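Asker: Sharing a structure, written as structure tokens. Questions coming.
The values are calculated or read from the model by the stated rules, or taken from the named source; none is laboratory data. Since this is a predicted model, take the numbers as computed values, not measurements. Note: ideal-geometry Cβ built from the backbone for every residue, glycine included; neighbour counts use all protein chains shown.
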Amino acid sequence: MGATRGLKRMPERLATGAYLLHTGLEKWSGGPEQAAGIHGMAAGAYPFLAGIEPARFLKLVASAEIATGALLLIPVVPRAVAGAMLSVFSGGLVTMYLRTPALHKEGSVWPTPSGVGVSKDVWLLAIGVGLVLDELMAD
């Protein structure tokens, strides 16, 4: 039963893992403008990040994306482990979205045009939580 459940979750693990691995690899070689933009948005939501140099911050984010993507893509990694990593990573992104007023309409969680790209991270969070719950509730 457990092997079947694991196979049942592979399509979402493959799609999510490939997406995160790809975006992480793209960020890894990102330039100063990309680093400044990503760092600025993150530091606006999480002020303690302001002290990290933008290029270093971009490498840290890229590393987290690559690691999360890899955990999702490796079938022997338990669903709970991959799901927990995805939940933590995407939870940080969703919180950043909610803490950045320009990304969502005033008094609402619905995105502004500039927030659409970040608002999709709620799906990553749902997938992560689903993987953890699936493992915890396994027969």
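Asker: Would you confirm, using the coordinates I've provided, whether K27 is of a type in the set (D, E, K, R) and exposed (fewer than 15 other Cβ atoms within 10 Å of the Cβ)? It would help to see each step written out before you state the result.
Answerer: Working: of a type in the set (D, E, K, R): yes; exposed (fewer than 15 other Cβ atoms within 10 Å of the Cβ): no.
Considered against the rule, which asks whether it is of a type in the set (D, E, K, R) and exposed (fewer than 15 other Cβ atoms within 10 Å of the Cβ), K27 comes out as no.
Asker: Scan segment 106-137 residue by residue and report those that are hydroxyl-bearing (S, T, Y), more than 14 Å from V94 (Cα to Cα) and assigned to a helix (DSSP H, G or I).
Answerer: Passing the criteria: only S114.
Asker: Which helices (runs of 4 or more DSSP H) sit wholly inside segment 1-71 and have at least 1 residues that are touching a Lys or Arg at 6+ places or on another chain (Cβ under 6 Å) and either within 21 Å of L124 (Cα to Cα) or modelled with pLDDT under 95 (or both)?
Answerer: Values: elements: 2-8, 10-28, 32-45.
In segment 1-71, 32-45 are the helices (runs of 4 or more DSSP H) which contain 1 or more residues that are touching a Lys or Arg at 6+ places or on another chain (Cβ under 6 Å) and either within 21 Å of L124 (Cα to Cα) or modelled with pLDDT under 95 (or both).
Asker: Now for a different question. Closer than 17 Å to V132 by Cβ and either in contact (Cβ under 8 Å) with a residue 12 or more places away in the chain or not β-branched (V, I, T) (or both) - does that describe any residue in segment 27-49? Lay out the reasoning, then the answer.
Answerer: We begin by selecting, within segment 27-49, every residue closer than 17 Å to V132 by Cβ; these are none.
No, that holds for no residue.
Asker: Yes or no: segment 75-83 includes at least one residue that is within 14 Å of L20 (Cα to Cα), out of contact with any His (no Cβ under 8 Å at 6 or more places or on another chain) and either at pLDDT 95 or above or surrounded by fewer than 13 Cβ atoms within 10 Å (Cβ to Cβ) (or both).
Answerer: Start the filter on segment 75-83 by keeping residues that are within 14 Å of L20 (Cα to Cα), which leaves 82-83.
Within this subset, residues satisfying the condition of being out of contact with any His (no Cβ under 8 Å at 6 or more places or on another chain) are 82-83.
If we keep only those that are either at pLDDT 95 or above or surrounded by fewer than 13 Cβ atoms within 10 Å (Cβ to Cβ) (or both) as well, we get 82-83.
Among the residues of segment 75-83, at least one is within 14 Å of L20 (Cα to Cα), out of contact with any His (no Cβ under 8 Å at 6 or more places or on another chain) and either at pLDDT 95 or above or surrounded by fewer than 13 Cβ atoms within 10 Å (Cβ to Cβ) (or both), which makes the answer yes.
Asker: When the residues of segment 75-92 are narrowed to those that are outside any helix (DSSP H, G or I) and among the β-branched types (V, I, T), which ends up farthest from the chain's Cα centre (by Cα)?
Answerer: Per the criteria, the residue is V76.
Asker: Another one. Name, by its number, the condition in (1) of a type in the set (A, V, I, L, M); (2) over 22 Å from S114 (Cα atoms); (3) out of contact with any His (no Cβ under 9 Å at 6 or more places or on another chain) that does not hold for A55.
Answerer: So A55 meets the others, but not (3).
Asker: Determine the pairs where a residue that is touching a residue at least 12 places away in the same chain (Cβ under 8 Å), located within segment 51-65, has a partner that is surrounded by 15 or more Cβ atoms within 10 Å (Cβ to Cβ) and assigned to a loop (DSSP other than H, G, I, E, B) with Cβ atoms under 8 Å apart, the partner being 6 or more residues away or on another chain.
Answerer: So the pair list comes out as L58/G30; A62/G30.
Asker: While we're here: Can you pull out the residues in segment 21-63 that are over 20 Å from M85 (Cβ atoms) and acidic (D, E)?
Answerer: E33, E53
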